[in-house]
Amino acid sequence: MSDFMEDYALWRRLPFPGLRRGENFLRAGENLALIHGDLALADEHVIQVIRFVEEGVFEPARADVMGLLEGIISRLERFREGATTEERETIDTHYRYAVLLHRIYGEFLRAGAP
């Protein structure tokens, strides 16, 4: 569980990825602001992990958090294709955050499963 705790500690220290004003990139029918919003929703669901770590309460979200995160990761991978260097920095920050949430929530589900 040490990898889980390291990922958890990293997540708690990291700021949520930001979008600067006017930084809403559009590509292949996708909108980075929408992906950003979905990542914020996933982050809200992953907050259940805090209660698990601090209080031992295992109460997964009712939503399919893993599916949501897998969709976000996939969308960001597609979005990254053809991105400029400037765009790639923002996209990669979102991508790394989504992958971290996916690892944390996956470990949370495994740790709390009977």
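Among residues belonging to segment 103-114 that are over 15 Å from the mean Cα position of the chain (by Cα) and not hydrophobic (A, V, I, L, M, F, W, C), point out the one that is surrounded by the most Cβ atoms within 10 Å (Cβ to Cβ).
Looking only at segment 103-114, we keep the residues that are over 15 Å from the mean Cα position of the chain (by Cα), and these are 109-114.
Next, from what is left, pick out any that are not hydrophobic (A, V, I, L, M, F, W, C): 110, 112, 114.
Numbers: ARG110: 10, GLY112: 15, PRO114: 3.
Looking at the filtered set, the residue picked out is GLY112.
Just need a number here: residues in segment 37-88 that are open to solvent by less than 70 Å² (accessible area, probe 1.4 Å), of a type outside the set (A, V, I, L, M, F, W, C) and within 22 Å of ALA9 (Cα to Cα).
Selection size over segment 37-88: 5.
Which condition from (1) in contact with a helix residue (DSSP H, G or I) (Cβ under 6 Å, 6 or more places away or on another chain); (2) within 24 Å of ARG20 (Cα to Cα) is the one that VAL65 breaks?
(2)
What is the number of the single condition among (1) touching a helix residue (DSSP H, G or I) at 6+ places or on another chain (Cβ under 7 Å); (2) loosely packed, with under 12 Cβ neighbours inside 10 Å that PRO17 does not meet?
The one condition PRO17 does not meet is (2).
Among the numbered criteria (1) in contact with a Gly (Cβ under 8 Å, 6 or more places away or on another chain); (2) farther than 29 Å from LEU109 by Cβ, which one does PHE25 miss?
PHE25 satisfies every listed condition except (1).
Could you run through segment 90-102 and say how many residues are open to solvent by 10 Å² or more (accessible area, probe 1.4 Å) and under 9 Å from the mean Cα position of the chain (by Cα)?
Matching residues across segment 90-102 total 5.
The values are calculated or read from the model by the stated rules, or taken from the named source; none is laboratory data. Every value quoted in this text rests on a predicted model; they were computed, and no experiment measured them. Reconstructed Cβ throughout: ideal geometry from the backbone, glycine too, with neighbour counts over all protein chains shown. In case anyone asks, the SASA skips ligands and DNA or RNA and just uses the protein heavy atoms, side chains included. Shrake-Rupley method; radii C 1.70, N 1.55, O 1.52, S 1.80 Å.
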